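Student: If you scroll down you'll find the structure; I have some questions about it.
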Amino acid sequence: MFYCGGGVIAFINRVMTSEEAKIEIERLSRDLARYDRWYYVEAAPEISDAEYDVLYRQLEVLEGEFPQWLSTESPTQRVGGQPIEGFEQLAHRLPMLSIDDVFSREEVTAFFVRLQKLTGLQQLDLIVEPKIDGVAVCLIYVNGCLQNAATRGDGMEGDVVTSNVRTMQSVPLRLPEGSPELLEIRGEIYMPNEAFAELNRQRDEAGLAVFANPRNATAGSLKLLDPREVAKRPLEFLAHGFGAIEGLELASMNEFFELLKKLGIRGNQPLWRVHSLDEIFEKIEELDQLRHDLPYGTDGAVIKVNSLALQRELGATSRAPRWAAAFKFPPEQQQTLLKSITVQVGRTGVVTPVAELQPVLISGSTVARATLHNQDEIDRKDVRVGDTVVVEKAGEIIPAVVRVVKEKRPADSVPYVLFDVVGGKCPSCGEGIIREQGKVAWKCVNFFCPAKEVNQILQFASRKALDIDGIGESVAVKLVESGLAHAPLDLFSLTEDQLAALELDPAKMESGALSKPRRFGEKRAASVIQSLQKAISEKPLSRWIYSMGISQVGQSASREVSRLCEDFASLPDCEVIEMIRERGGREAWRKEHPYRHGKGFDSEQQRVENLQRHETYKARMVELDEVLAPYQVASELGGVAAGKLLVFLRSNRGQEVLARMAGLGICPKSDNYDPKPVDLEGGSEGLPLAGKTFVITGILSSPRDEFKRLIEEAGGKVTGALSKNTDYLLAGEGGGSKLVKAEKLGVEVISEEELGEMLGE
Ligand code: IVH
């Protein structure tokens with residue numbers, strides 16, 4: 001053997017010039033990267049571990065001698081640097097979306113039929129592949145070098161975890177020659193089941209808390225601040241998609257997976273190409289059999305459109321693409337004893353019964369509690385204390401009581417009546433609880449109920465809201481109990497000393513014993529204060545809206561509101577939100593005032609009044625549609641959410657919040673303000689398509705949005721549905737039912753070329 005032992009290395013170095021060392025370092029790096037690839041990606045090692053170690057050591061020594069040739073992509077540099085203070089954020093170039101879940105054959109069929117309809121194609125080219133139960137990340141390669149890795153975060157921005165991901169040997173640091181200028185690979189990081197079990201065994205032995213499941217272990221590992229610790233965790237990566245790409249044209253997912261092979265990146269498998277519904281079902285069943293033998297967790301099958309042109313055509317909602325669906329395998333179920341029912345009070349005062357269960361293992365994690373939602377649900381399932389119940393993890397995450405095993409019910413069991421059990425009083429504050437008309441939930445309406453206060457603070461501080469470090473449940477409870485904070489904004493009046501001195505309750509340790517009472521401490525106090533300052537200076541309007549915890553106003557709705565309104569102070573008077581609320585009332589109004597066709601009126605006057613009322617209302621709705629059209633409001637912000645937001649902001653409490661924020665100098669600004677993405681109004685005279693209305697169908701040479709932009713820039717309007725007011729139907733390949741309808745309505749059908757002529761191109 002040529003390279004063995006320090007003596008030989010020393011000898012080589014003595015005679016090696018810097019140029020020779022450079023060539024040697026490059027050669028060794030390349031070889032080691034290739035062996036890594038064979039070992040970690042292809043699972044077919046080319047050389048023995050001992051041989052690998054010798055080459056690795058050789059490279060390390062040469063790099064030490066000739067540091068001028070040390071590159072960050074060298075195989076020796078995976079675990080570099082010092083622990084970091086915290087994670088920076090990275091804005092995703094393209095949002096990292098979710099996938100719509102489907103749970104039954106009917107829903108898969110509906111997805112398939114929808115695709116057929118939207119594309120106008122009978123036969124579809126689809127891919128079926130496993131849904132990996134991991135942590136989503138993107139890997140950004142610039143000119144073939146791994147530049148950044150980030151988690152999905154809220155889909156818009158995630159944590160930069162580059163130094164942690166670099167430690168994973170299944171992730172290449174450098175791609176082969178000729179890879180594109182920019183390549184963003186997306187996929188899942190996971191911990192193989194066996195490695196997870198071993199890690200937990202070791203942790204248990206060392207007296208450390210064990211992880212609930214492989215996904216938590218993965219997420220926890222990626223959040224470690226010291227890459228040297230991460231390197232010890234058995235994490236792996238599988239790619240299933242991509243984000244931004246520059247310098248390469250891809251036509252299909254299939255091509256993308258081929259590219260992965262060329263680049264030495266592990267791609268998801270098995271992959272099946274299918275064309276019909278029957279084939280989809282066949283492959284889902286095959287995967288269901290096969291998945292138990294995969295070394296990692298899978299909770300479903302992802303069905304994707306193969307053609308990227310079609311994917312673009314189909315587009316996405318703000319949540320998920322229309323070209324993919326995830327069929328979720330039915331969750332594993334277990335029977336267990338329902339020991340008792342506890343009652344919790346949420347941030348809006350809703351009183352929720354929770355089943356306390358004999359702990360039971362389901363899909364790899366222990367379940368000891370499950371929400372019973374409300375009295376109606378308890379009645380519907382007839383759940384009683386002492387029952388044996390069937391429990392499952394809905395979506396493999398949230399435990400749910402499915403049904404009672406009646407045969408095992410004790411003879412003396414009694415129905416559970418929440419109101420009686422709590423004596424009609426809120427278990428947190430002792431004030432009366434009420435049930436609003438038409439609602440299923442009991443509610444504590446005491447404005448100062450401590451449970452509500454705690455949960456409002458928790459919502460405010462949560463990761464998806466203002467991400468205040470260090471405010472967990474025990475801290476929030478203590479803040480409320482001690483009177484230091486009753487509302488989220490009170491946090492801004494806390495001093496570092498007050499926080500540091502906070503005495504927390506003893507924690508329950510893994511062994512079941514209680515720890516000593518703990519002081520919150522200076523370090524954590526400083527971090528809370530710092531996060532609060534960051535919330536003021538850095539967090540955008542959308543997060544502030546979401547942090548208020550207004551019912552129905554979730555993350556997507558908050559994001560849409562912040563696109564439409566510039567800052568917090570202008571929200572209560574925002575006209576667009578008001579109009580969205582009014583337009584959203586349409587359905588309710590229709591229900592309340594059903595239009596009656598001529599019959600059943602007591603008098604002619606009544607008939608005329610009914611008609612007039614209808615006409616007025618309809619005219620107002622048409623007007624609202626027209627005024628709102630240029631705002632292109634996403635469906636995530638409906639009338640109900642808009643209404644709830646305005647009611648809150650205009651209530652005494654909302655006004656108080658606004659005044660306090662102003663007093664504290666907090667004025668969150670929108671970071672996505674773009675109320676009218678297209679100008680449909682005015683200014684179009686003289687433009688070639690002024691006043692013309694278009695509908696687009698079929699497959700075109702560019703994404704539909706591109707044509708929409710062209711038409712709108714030329715003064716035209718694009719709508720979704722054909723009507724007699726449509727001037728032109730722009731039809732690509734496979735226009736389907738719209739072509740037939742256009743003919744019926746006498747709407748002129750034009751091709752891309754004809755549109756080009758109209759645009760004067
Ligand atoms: S494709 C935007 N394929 O599941 C959708 N995603 O629940 C394109 N996931 O955010 C994603 N396995 O992180 C795709 N084979 C697979 C997947 C997969 C797991 C994750 C992904 C996504 C999440 C949605």
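The values are calculated or read from the model by the stated rules, or taken from the named source; none is laboratory data. Values in this document were obtained by computation on a predicted structure and should not be read as measured data. Here the Cβ positions follow ideal geometry from the backbone for every residue, glycine too, while neighbour counts run over all protein chains shown.
Student: Looking at region 160-216, which of the residues that are under 26 Å from the mean Cα position of the chain (by Cα) and over 30 Å from Ala244 (Cα atoms) is farthest from the ligand (Cβ to nearest atom)?
Tutor: Val210
Student: Show the residue pairs that are 6+ apart or on different chains and have beta-carbon atoms under 7 Å apart, the first residue being within region 454-474 and under 16 Å from Phe87 (Cβ atoms) and modelled with pLDDT under 95, the second being of a type outside the set (Lys, Arg) and not in a helix (DSSP H, G or I).
Tutor: Pairs found: Lys464/Asp154.
Student: Then there is this: Where residues in region 319-343 are of a type outside the set (A, V, I, L, M) and more than 24 Å from the chain's Cα centre (by Cα), which of them is nearest to the ligand (Cβ to nearest atom)?
Tutor: Only one residue tops the list, namely Gln333.
Student: Something else now. Name, by its number, the condition in (1) touching an Asp or Glu at 6+ places or on another chain (Cβ under 7 Å); (2) over 30 Å from Leu222 (Cβ atoms); (3) among the acidic types (Asp, Glu) that does not hold for Asp133.
Tutor: Answer for Asp133: the failing condition is (2).
Student: Check Val633 against each of (1) assigned to a helix (DSSP H, G or I); (2) in contact (Cβ under 8 Å) with a residue 40 or more places away in the chain; (3) not aromatic (Phe, Trp, Tyr) and name the one condition it does not meet.
Tutor: Result: Val633 passes all but (1).
Student: Of these, Asn193, Asn216, Asn200, which one is more than 21 Å from Arg152 (Cβ to Cβ) and surrounded by fewer than 18 Cβ atoms within 10 Å (Cβ to Cβ)?
Tutor: None of the other options fit; the residue is Asn193.
Student: Tally up the residues in region 529-548 that are without any contact (Cβ under 8 Å) to a residue 24 or more places away in the chain and of a type in the set (S, T, N, Q), please.
Tutor: 2
Student: Considering each residue of region 444-453, count those that are more than 14 Å from Pro427 (Cβ to Cβ) and modelled with pLDDT of 90 or more, and give that number.
Tutor: Qualifying residue count for the region: 1.
Student: Another question, then. Among the candidates Ser74, Ser18, which residue alone is among the polar types (S, T, N, Q) and out of contact with any helix residue (DSSP H, G or I) (no Cβ under 6 Å at 6 or more places or on another chain)?
Tutor: Testing whether each residue is among the polar types (S, T, N, Q) and out of contact with any helix residue (DSSP H, G or I) (no Cβ under 6 Å at 6 or more places or on another chain) leaves just Ser18.
Student: Restricting attention to region 118-150, and to residues there that are more than 16 Å from the ligand (Cβ to nearest atom), assigned to a strand (DSSP E or B) and not aliphatic (A, V, I, L, M), which single residue is surrounded by the most Cβ atoms within 10 Å (Cβ to Cβ)?
Tutor: Tyr141
Student: Moving on to the next point. Identify the residue in region 259-278 that is among the charged types (D, E, K, R) and in contact with a strand residue (DSSP E or B) (Cβ under 9 Å, 6 or more places away or on another chain) and, among all such residues, is surrounded by the fewest Cβ atoms within 10 Å (Cβ to Cβ).
Tutor: Residue satisfying both the conditions and the ranking: Lys261.
Student: Okay, next question. Go through (1) surrounded by 15 or more Cβ atoms within 10 Å (Cβ to Cβ); (2) away from the ligand (no atom under 16 Å from the Cβ); (3) modelled with pLDDT under 95 for Gln68 and report which single condition fails.
Tutor: (1)
Student: Could you please find all residues in region 292-309 being charged (D, E, K, R) and buried (at least 19 other Cβ atoms within 10 Å of the Cβ)?
Tutor: If the condition is that a residue be charged (D, E, K, R) and buried (at least 19 other Cβ atoms within 10 Å of the Cβ), then Asp299, Lys304 are the ones that fit.
Student: Can you tell me which of (1) surrounded by 15 or more Cβ atoms within 10 Å (Cβ to Cβ); (2) within 16 Å of the ligand (Cβ to nearest atom) is the one Asp387 doesn't meet?
Tutor: Going through (1) surrounded by 15 or more Cβ atoms within 10 Å (Cβ to Cβ); (2) within 16 Å of the ligand (Cβ to nearest atom) one by one, Asp387 breaks only (2).
Student: If you don't mind, there's one more thing I want to ask. When you scan region 399-413, do you find a residue that is hydrophobic (A, V, I, L, M, F, W, C), in contact with a Gly (Cβ under 6 Å, 6 or more places away or on another chain) and either closer than 30 Å to Pro488 by Cβ or surrounded by 15 or more Cβ atoms within 10 Å (Cβ to Cβ) (or both), even just one?
Tutor: no
Student: Read through the list (1) surrounded by fewer than 17 Cβ atoms within 10 Å (Cβ to Cβ); (2) touching a Pro at 6+ places or on another chain (Cβ under 8 Å); (3) of a type outside the set (Val, Ile, Thr), then give the number of the only condition that Phe460 fails.
Tutor: (1)
Student: Considering each residue of region 480-492, count those that are part of a helix (DSSP H, G or I) and modelled with pLDDT under 95, and give that number.
Tutor: Adding up the residues that qualify gives 2.
Student: Further question on the same structure: Which count do you get for residues in region 101-149 that are among the β-branched types (Val, Ile, Thr), modelled with pLDDT of 95 or more and more than 30 Å from Asp159 (Cβ to Cβ)?
Tutor: 4
Student: How many residues does region 333-374 hold that are at pLDDT 85 or above, closer than 25 Å to Val553 by Cα and in contact with a Lys or Arg (Cβ under 7 Å, 6 or more places away or on another chain)?
Tutor: Residues in region 333-374 being at pLDDT 85 or above, closer than 25 Å to Val553 by Cα and in contact with a Lys or Arg (Cβ under 7 Å, 6 or more places away or on another chain): 5 in total.
Student: Determine whether Ala110 is farther than 20 Å from Ser252 by Cα and touching a residue at least 12 places away in the same chain (Cβ under 8 Å).
Tutor: It is false that Ala110 is farther than 20 Å from Ser252 by Cα and touching a residue at least 12 places away in the same chain (Cβ under 8 Å).
Student: State which residue is nearest to Gly470 (Cα to Cα) when the search covers only region 74-107 and only residues that are in a helix (DSSP H, G or I) and away from the ligand (no atom under 16 Å from the Cβ).
Tutor: Across region 74-107, the extreme among qualifying residues is Gln77.
Student: Mind checking which residues of region 293-318 are near the ligand (Cβ under 9 Å from one of its atoms), over 22 Å from Asn216 (Cα atoms) and either among the β-branched types (Val, Ile, Thr) or at pLDDT below 95 (or both)?
Tutor: Ala316
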